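Colleague: Quick one: this structure, given as structure tokens, is what I'll be asking you about.
Laboratory data are not the source of any read-out in this text; all were calculated from the coordinates shown. Only a predicted model underlies this, so the values are computations on that prediction, with no experimental measurement involved. For neighbour counting, all protein chains shown are included, and Cβ atoms are generated from backbone atoms with ideal geometry for every residue, glycine included.
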Amino acid sequence: MSLIRFHVKQGRHLAGARPWRSLAWLAAVALTGCVAPGEGNFIRPPTPAEVEQYNAMVQPEERIVCRTEIPIGSNIPVRKCRLAVDIDETSVFHREQLRRALR
């Protein structure tokens, strides 16, 4: 005789046999779903006012530039802040690589 038939024959329902188990399981799943992974590791990019204030205090080679970029494979824009010198160096490197590829 199957387990389901046994419980039905005894007048008990499987779902109602131990309601505290299902409630505990539901509560555990609900509480786990509320926790955002990596919540403490999130680094907020500086606001435009903070960037302007920082750039006013540092040398021109240490200034930062923030812009909104859309990563490849996504439609969600992300704000990226980098040193202006790094952006220039990366641009020069990519231009050289493109010239080499086209020769």
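Colleague: What is the calculated FRET efficiency for Glu50 to Ile87, with r their C-beta to C-beta distance and R₀ = 30 Å, to the nearest 0.05?
Modeller: The formula returns an efficiency of 0.95 here.
Colleague: Let me ask something else about it. Could you calculate the contour length gain from Glu62 to Gln97, that is, 0.36 nm times the residue separation minus the distance between their Cα atoms, to one decimal place in nm?
Modeller: Length difference between fully extended and current span is 10.0 nm.
Colleague: Ordered by residue, what ³J(HN,Hα) values in Hz, to whole numbers, does region 80-87 give under the Karplus form 6.51 cos²θ - 1.76 cosθ + 1.60, where θ = phi - 60° and Gly and Pro are x?
Modeller: Couplings: 10, 10, 9, 5, 4, 5, 5, 5 Hz.
Colleague: Based only on Cα atoms, what Rg/Rh ratio does region 43-102 have, Rh being taken as Kirkwood's radius?
Modeller: Ratio of gyration radius to Kirkwood radius: 1.07.
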